[in-house]
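Enquirer: I have a structure I would like to understand better, so I am pasting it below and will then ask my questions one at a time.
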Amino acid sequence: MPLVTSKELLQRAVQDHFAVGAFNANCMEQVQAIVEAAQEERAPVILQVSQGAIRYAGLAYAASLVKIAASLVDVPVVLHLDHGTDYEQNVRCLHAGFTSLMFDGSKLPFEENVAITKKICDIAHIVGIPVEAELGRVAQSDEHLTKEQVEALMTDPDQAAEFIRLTGADSLAVACGSVHAMRSQEAELDIARIKAVYEKTRIPLVLHGSSGVRESSIEEAIQYGIAKINVATYLNEAFTEGIKEGLAKHPDSVDPRHALSVARERVKERVREKIRLFKSAGRISSSGGFVDAPRQFRSAHLGGAEE
Ligand code: G3H
Ligand code: ZN
């Protein structure tokens, strides 16, 4: 089906206590792995493109690959900009047909973050596209912060309420204990904070840096407002290991497809595992709508409903 926006999916997820997996893709094999796993699991899915992926593949390739993948399946697929760096990048993605945007102003002073987020929301909302914002900051593992330093960056619930009131953002990335690009699942989330941010904002919350978070913490967070969960490192690790495995199996081959098909399969297995953990498996019926509701997603610009 055509791409859908993240708006209804995330509202539905927060209401029914599941989370939509937002998987980062950098190349065709990763896009295929993610969409095929979602289709087989009957799960809605978000494919997200980072700044690095745009630099690597080019915006046109990234957008086209996801659009083609979506057209081949009958579960809802969203094309999302991950950690958009500025206003111009968001406008370029809007023009390229992204159905969900993000502005990451987490390193900016509050007022500046508000001003740019609002400007992006104002333009995106004209054509029915939702915007994710970030308040507080999810750190990177190579910053090597202490637990106390990570805590100091966490989202303040009252400030979050004010931020959403001023910007009109549709979803909010919360800093709540995770750290980007961790290779082991050790981080525990601050569930009380997630709960407080959700109670004050009443909008779907987004977990970044999920590759390093304990499964039990993720399961709990889904109960209290986390409706979109970003996964990148865990998939990249599987892809790279799959390439090595494929090369080892066919040491004399010069055909890259031998290694790339093993890599694609390894990513697919991990996407399937995460979809089940996030409780989004089995949510979509054979008609393409949620199992207990007719199909109705905003798929086109100008906010038109698909059906
Ligand atoms: O925006 C992308 C994510 O937050 C991914 O984080 O690489 O730790 O899974 P991760
Ligand atoms: Zn992130």
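Enquirer: Considering all alpha-carbon pairs of the stretch 211-307, what whole percent are spaced by more than 23 angstrom? Provide the component values of the computation, followed by the final result.
Expert: Values: 2334 of 4656 pairs.
The calculated P(r) of the stretch 211-307 puts 50 percent of pairs beyond 23 Å.
Enquirer: Can I ask one more? How much net charge surrounds residue 185 when only the other residues with a Cβ under 11 Å from the Cβ of residue 185 are counted, with Lys and Arg +1 and Asp and Glu -1?
Expert: -1
Enquirer: Amide H neighbours of residue 174 under 5 Å, at least 5 residues apart or on other chains, H built in the peptide plane: list them.
Expert: 206, 208
Enquirer: Just add up the charged neighbours of residue 54: K/R +1, D/E -1, any other residue whose Cβ is under 13 Å from the Cβ of residue 54.
Expert: Net charge in that neighbourhood comes out at -1.
Enquirer: Please compute the Cα-Cα pair-distance distribution of the stretch 99-149 with 10 Å bins starting at 0, giving whole percents from short to long.
Expert: 24, 41, 25, 10, 1
Enquirer: Considering only DSSP beta bridges whose two residues both sit in the chain, what percent are antiparallel, to the nearest 5?
Expert: Just about 5 percent of them are antiparallel.
Enquirer: Still on this structure, please answer the following. Taking amide H positions as placed 1.01 Å from N in the peptide plane, with prolines and chain starts having none, which residues 5 or more places from residue 82, or on another chain, fall under 5 Å of its amide H?
Expert: When sequence neighbours closer than 5 places are left aside, the close amide H contacts are 49, 50.
Enquirer: Here is a further query. To the nearest 500 deg cm²/dmol, what mean residue ellipticity at 222 nm is calculated for the chain from DSSP H runs of n ≥ 4 alone, each contributing -39,500 (n - 2.57), summed and divided by the residues?
Expert: Values: 12 runs with 147 residues, N = 307.
Helices in the chain give a 222 nm mean residue ellipticity of -15000 deg cm²/dmol.
Enquirer: Grab the eigenvalues of the alpha-carbon gyration tensor for the chain, scale each by 5, take roots, and send me the semi-axes largest first in whole angstrom.
Expert: Details: eigenvalues 158, 107, 73 Å².
Gyration-tensor ellipsoid for the chain: 28, 23, 19 Å.
Enquirer: For the chain, what is the charge dipole size about the Cα centre, in debye to the nearest 20, if Lys and Arg each add +1 at the Cβ and Asp and Glu each add -1 at the Cβ? Intermediate values should be presented prior to the final figure.
Expert: On the way: 33 positive and 42 negative charges, 111 e Å.
That gives a dipole near 540 debye.
Enquirer: Among the lysines in the stretch 44-156, how many pairs, 8 or more places apart or on different chains, have alpha carbons under 28 Å apart?
Expert: 5
Enquirer: On to the next question. Express in whole angstrom the spacing between the alpha-carbon centres of the stretch 132-208 and the stretch 100-115.
Expert: The stretch 132-208 and the stretch 100-115 have Cα centres spaced 13 Å from each other.
Enquirer: Less than 13 Å Cβ to Cβ from residue 263, Lys/Arg counted +1 and Asp/Glu -1: what total charge do the surrounding residues give?
Expert: Value of the local net charge: +1.
Enquirer: Next up: Determine one quarter of the surface area of the Cα convex hull of the stretch 142-191, which equals its mean projected area, and express it in nm² to one decimal.
Expert: So the Cα hull casts an average projection of 4.4 nm².
Enquirer: Roughly how far apart, in whole Å, are the Cα centres of the stretch 234-257 and the stretch 4-63?
Expert: 23 Å
Enquirer: From Cα pairs below 8 angstrom and at least 6 apart in sequence, can you work out the relative contact order of the chain, rounded to a whole percent? Before the final figure, lay out the partial values.
Expert: Values: 668 pairs, mean separation 70.4, N = 307.
It comes to 23 percent, rounded to a whole number.
A short reminder: the numbers here are calculations on the coordinates, not readings from a lab. Note that this is a predicted model, so its numbers are computed, not measured. Please note: Cβ atoms are built from the backbone with ideal geometry, for glycine as well, and neighbour counts cover all protein chains shown.
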